[in-house]
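The values are calculated or read from the model by the stated rules, or taken from the named source; none is laboratory data. Because the structure is a prediction, the values reported are computed rather than measured. Cβ atoms come from the backbone with ideal geometry, glycine included; neighbour counts cover every protein chain shown.
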Amino acid sequence: MREAEGRGMKVFALLVLSMLTASAQERPRRNWNISVAFFAGAQAMDAVSSRGGIESNPVLGRGQFGASQAAIKAGIAGGVILSEWMILRRHPDTRRLWTWANYGAGTAVAAVAVRNWNQPSK
């Protein structure tokens, strides 16, 4: 259990470090790409931390977290990223907004993953 907590905190720290590094750069397109990777990484971290546990999110389906919930989660995340990409094609001036939205959502999801790892054994 302690090993999983330490691993979760290390991954979370790396995600935060990538966010800070990207925010210091002056390349908007690159920053958005990094924020998408941050968002996707946080989603993956949450899926791994939830595996085998009881899922409480009704959108993913209540019950034990398994492959079907992971597929739904990946589909939702992919849909969000695709939607942003389509919006940015027509409105590139909103890139900064979507970059920070990805960082905010990714941070919230990563915090949930860390919380999952700190829960008693499943």
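Are there helices (runs of 4 or more DSSP H) fully within region 1-92 with at least 1 residues that are charged (D, E, K, R), loosely packed, with under 13 Cβ neighbours inside 10 Å and at pLDDT 85 or above? List them.
67-90
So for region 103-110 (the condition being touching a strand residue (DSSP E or B) at 6+ places or on another chain (Cβ under 7 Å) and assigned to a helix (DSSP H, G or I)), does at least one residue qualify?
For region 103-110, residues touching a strand residue (DSSP E or B) at 6+ places or on another chain (Cβ under 7 Å) and assigned to a helix (DSSP H, G or I): absent.
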